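Following: one structure in structure tokens, then a few remarks.
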Amino acid sequence: MTRVSQEHLSKVPEVTLVFWIIKIAATTLGETGGDTVTMTMNLGYLTGTAIFLSAFLVLVAFQVAAKQFRPWLYWATIIASTTAGTTMADFADRSLGIGYAGGSSILLLCLVSVLCLWYWSLGSISVDTVDGPKVEGFYWAAITFSQTLGTALGDWMADSRGLGYEGGAIVFAAALIIVGVAYFWTRVSHVLLFWTAFILTRPLGATVGDFLDKPIHDGGLALSRPIASAVIGVFIIGCLLVLPQRAGRHPGGSATAS
């Protein structure tokens, strides 16, 4: 009788440097892509939200139905979530008049509530355990709120706090460096640090995206939103083709084999 240890594979990627590179690119694409539909195409925030949220929900359904981690499907879902987050945050902040500070506060409360409910229900909010429909529901709900929160935070820092897009990007990049230092040289929970970094990459991408496509008199480079989106999209595709991606792992039970 030989005891064979089993290891369940998560349906989300292993968190490595490659993961963060693609995540930041995806959040930047979410900003430029969302603005392309709502501003350049002049469809408005409500219509943009309807388009991207519908795409996100369809992709989540495919993601949940998948039996294993599929990099292209996963990152398509992330991009849909970040574009939906862009348009939802802009709709709430600007069309509904909630404002950046108010919107950020509400979204932070929603995110914390989802994470607490996830932990209370399943005993962990680690992404390494995302391998079934129930935990995937919590995971993608948390992703949605974190992406939308990140957009609101980025706009709040760049516009309301007067830092501009470059200043906002520097602040969020510095915060991510601090999180990285804490990960390697402190005993702060890695799960807590992951979600902190996941939130911070969104406003970083938002401010970088705004810096690329906003008018020069507003502190941007005035690049074409569709072209910027296409370039970032090609970069992400190149990363998926060249850089290795594998499913995260978490300990499972053990089985006995003859």
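Since every read-out is calculated from the coordinates, none of them should be taken as a lab result. None of the values given here were measured: they were computed from a predicted structure. Reconstructed Cβ throughout: ideal geometry from the backbone, glycine too, with neighbour counts over all protein chains shown.
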For a quick check: sort Val127, Val234, Val112, Val135 by the number of other beta carbons within 10 angstrom, fewest at the front. Val234, Val112, Val135, Val127
Per residue of region 127-142, in order, report the coupling 6.51 cos²θ - 1.76 cosθ + 1.60 (Karplus, θ = phi - 60°) as ³J(HN,Hα) in whole Hz, putting x for Gly and Pro. 5, 5, 9, 7, 9, x, x, 5, 5, 5, x, 5, 4, 6, 5, 5
Restricting to Cα pairs below 8 Å that are 6+ residues apart, what does the relative contact order work out to for the chain? Please round to a whole percent. 36 percent
Considering all alpha-carbon pairs of region 74-181, what whole percent are spaced by more than 18 angstrom? 57 percent
For a footprinting-style exposure proxy, rank Val114, Val231 by other Cβ within 10 Å, fewest first. Val231, Val114
Proximal lysines to Lys134, defined as alpha-carbon separation beneath 24 angstrom and excluding residues fewer than eight positions away on the same chain: Lys11, Lys23, Lys67
List the longest stretch of the chain that has no exposed loop site; here a site is one of the trypsin sites (Lys or Arg not before Pro) assigned by DSSP to anything other than H, G, I, E or B, with at most 11 other Cβ within 10 Å. 68-186
Which label marks the calculated value of Cα extents along the principal axes in Å, given the options (1) 54, 50, 33; (2) 73, 34, 33; (3) 52, 43, 33? (2)
